[in-house]
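Each value in this text was obtained by applying a stated rule to the coordinates, not by laboratory testing. Since the model is a prediction, treat every value here as computed from it, not as a measurement. FYI the Cβ positions are ideal-geometry reconstructions off the backbone, even for glycines, and counts take in every protein chain you see.
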Amino acid sequence: MRNLFSQLWDSSEEQFKEEAIKFLGSADPRILSEWRRISIEITQKYYNNIITYTTNLFIPLTFLCRNKCSYCGFSRSEPQSDAEFLSIKKIKEELLKAQEYGLSEILITMGDKPELRYPNAQKWLENHGFHSTIEYTKFIANSCLEENLLPHINAGSLSFSDYQQLKDVSASMGLMLENTSSRFSEIGMPHHNSPDKYPEVRLQSLRDAGKLKIPFTTGLLIGIGESYQEIINSLVDIKRIFEKYGHIQEVIIQNFQPHPNSLMKNYPTVPLSLLEKIIILARIVLQPEISIQIPPNLLTGSENRFINSGISDWGGISPLTLDYINPNHKWPSIAYLAEISAKSGKKMKERLPIYPRYLNLGWISSKVRQVIIEQELSTEDGYRKRTQ
């Protein structure tokens, strides 16, 4: 089977895609077993039975967003309070908690470019001395570094100049591709009325981050109406970008969970059997340097079936804050994940927002490096060093 995969990739990408479609649609347990075997072999060889994670604080800078995705439970047309953005005072209070808990990552996220849709958002920014959401994001990320905390920024689709501004104050950054099919932007589809979700916009955003050597997270959202072909094409798109720039440190395979306040609140969830196959396929398609991550809070009680399918990262686990993207799904404890990982022969290991490979390559700014060195945050092999 391993030789077959090698032959297919070397001789005909289209032939491989045909075999991958058959695999995703097959009910034959023997075929699943063979593909899983290859995925396990790749994972064990490269990750040596280690599953990584971070401990994080989730900062939703604003819930306002100019996009109107049908499935989204994060964005709101009006803020929860009188403030269009989370205040500097509130954020600094949260950062003190993060220091107390010794968290390894500050996850800063927000809706895409809210000031382009909401005049009040632009007014709030101007009243507080900022020209744009990106400028405010940079200020907050720099505040994290001043408190010796490492930011991971997911600010939506950004331009090359946006990334230039944020590279200096971020340990890593991210943008979910979700799916690279233009069909999702058509009328009646989930990304209609969402200009920042056009596939080429997001793909270019990934390329621009690559040009600047920003350690990056991306991923697919599974279960919003995609075809097998669209899943495979999206994985291949990520593979090609990594081949050129080498900056994608992890890919999240995220199963869609309906939000009660979204237009797709009654949409069925993806079968776990299919999700498992997609994880296996992602591990085989993508380069081994790219870690495969799943969100454990969306798979509570079923995590063990995915441990030996190709994953090597649990993502960020917060002891303090909600998953504001999926607020109805609580984080499992690190002790629980360590226990089920150990039962499958895996060892949990905490990392920083920047993976060891990129830390060793020096893909960080002087500001971020200074925090890591002065606070002794990293072990010699690039993982999280615990001093408390």
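If you place +1 on the Cβ of every Lys and Arg, -1 on the Cβ of every Asp and Glu, and leave all else neutral, what size is the dipole of the chain about its Cα centre, to the nearest 20 Debye? Numbers along the way, then the final one.
Details: 44 positive and 44 negative charges, 91 e Å.
Roughly 440 debye for the chain.
May I ask you to derive the relative contact order of segment 160-219, considering only C-alpha pairs under 8 Å and at least 6 residues apart, and to give it as an integer percent? Worked out over segment 160-219, it gives 50 percent.
This ranking places ARG117, ARG37 by how few other beta-carbon atoms lie within 10 Å of each, fewest first, which gives ARG37, ARG117. Distance between the modelled labels on ARG240 and GLU147, one decimal in nanometres: 4.2 nm (7 Å Cα→Cβ projection). Cross-link pairs exceeding 21 Å between alpha carbons, from the set LYS213/LYS367; LYS138/LYS167; LYS17/LYS211; LYS97/LYS385; LYS90/LYS167: LYS17/LYS211; LYS90/LYS167.
Between the residues PHE256, ASN308, SER132, the greatest Cα displacement towards the positive end of the dipole of the chain, with unit charges on the Cβ of Lys, Arg, Asp and Glu, is found for ASN308. The Rg/Rh ratio of segment 85-130, with both radii computed over alpha carbons and Rh defined as the Kirkwood radius, is 1.09. Take the Cβ atoms of LYS89 and SER273, set R0 to 56 Å, and the FRET efficiency comes out at 0.70.
Can you give the percent of C-alpha pairs in the chain whose distance is more than 25 Å?
Cα-Cα pairs of the chain separated by over 25 Å account for 55 percent.
Using a 7 Å offset from the Cα along the Cα-to-Cβ direction at both ALA335 and LEU116, what is the distance between the two label points in nm, to one decimal? It is 4.7 nm.
Tell me, in nm to one decimal, what length is gained between THR379 and ARG30 on full extension, where the rule is 0.36 nm per residue of separation less the Cα-Cα distance?
Working: separation 349, 0.36 × 349 = 125.64 nm, distance 4.19 nm.
Taking 0.36 nm per residue and subtracting the Cα distance, the gain is 121.4 nm.
When cysteine pairs in the chain are screened for C-beta atoms closer than 4.7 angstrom, the residues that find no partner are CYS65, CYS144. Once the Cβ-Cβ distance of ASN193 and ASN48 is raised to the sixth power relative to R0 = 41 Å, the FRET efficiency obtained is 0.35. Spacing of the modelled spin labels on GLN370 and HIS131, each 7 Å from Cα toward Cβ, amounts to 2.4 nm.
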